[in-house]
Amino acid sequence: MAVRIVQLGSPRASNEGLRIGTVRHPPRGVPKCEYASRNYYDVWLPNLAPSQQLLKVGRSAKDETDWRSFVKRYRSEMSRAENSRVLDLLAALSRQANFSVGCYCNDEEHCHRSVLRQLLAERGAALA
């Protein structure tokens, strides 16, 4: 059992399980009834996405200093009780079931999902 970190819209891995979208907005131009069949997500969990303001900061990061600033601020957002509890839940579930969390970004290195991977690992999640 494990949690997999994925790019939303990518083909699903075998035994991937439920796919959770940790994005601020649903995919554009895709009917809601097709989110799962087009491999975006089965369940939307936007509270694990960066805030709208912070999302802009992350997208405009031009160098590693900017990116580290984004990571620090995103970690701060995820330390809020309501988000921290969800991360704890996902870490615990990862030891009992297969599922995935993801975002649309092409480059995981400069995407909040790389930080989600770290946050889940710090909580003892089983990572695929």
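The values are calculated or read from the model by the stated rules, or taken from the named source; none is laboratory data. Not measured: the values here are computed from a predicted model. All Cβ positions, glycine included, derive from the backbone under ideal geometry; neighbour counts span all protein chains shown. Heavy atoms of the whole protein, side chains included, go into the accessibility calculation; ligands, DNA and RNA do not. Shrake-Rupley method; radii C 1.70, N 1.55, O 1.52, S 1.80 Å.
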Next item on the list: Under 7 Å between Cβ atoms, at least 6 apart or on separate chains: pull out the pairs that start in region 64-77 with a residue that is under 13 Å from His112 (Cβ atoms) and end on any residue that is of a type in the set (S, T, N, Q).
Entry: Glu77/Ser51; Glu77/Asn83
Next item on the list: Determine, yes or no, whether Trp44 is surrounded by 11 or more Cβ atoms within 10 Å (Cβ to Cβ), under 15 Å from the mean Cα position of the chain (by Cα) and among the aromatic types (Phe, Trp, Tyr).
Entry: yes
Margin query: Yes or no: region 94-101 includes at least one residue that is at pLDDT 95 or above, in contact with an Asp or Glu (Cβ under 9 Å, 6 or more places away or on another chain) and open to solvent by 30 Å² or more (accessible area, probe 1.4 Å).
Written below: yes
Item checked: Members of region 1-34 found to be assigned to a loop (DSSP other than H, G, I, E, B) and open to solvent by 50 Å² or more (accessible area, probe 1.4 Å), listed by number -> Met1, Pro11, Arg12, Ser14, Asn15, Arg24, His25, Arg28, Gly29, Pro31
Checklist line | Residue match in region 50-72 (condition: open to solvent by 80 Å² or more (accessible area, probe 1.4 Å) and in contact with a helix residue (DSSP H, G or I) (Cβ under 8 Å, 6 or more places away or on another chain)) | finding: no
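Taking region 43-96 as the region of interest, how many residues are over 24 Å from Ala125 (Cα atoms) and part of a helix (DSSP H, G or I)?
13
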Next item on the list: Output the number of the condition that Arg75 fails; it satisfies all remaining conditions of (1) within 15 Å of the chain's Cα centre (by Cα); (2) among the basic types (Lys, Arg); (3) within 14 Å of Val6 (Cβ to Cβ).
Entry: (3)
Item checked: Checklist (1) under 17 Å from Val3 (Cβ atoms); (2) assigned to a loop (DSSP other than H, G, I, E, B); (3) open to solvent by 80 Å² or more (accessible area, probe 1.4 Å) applied to Ser37, failing item -> (1)
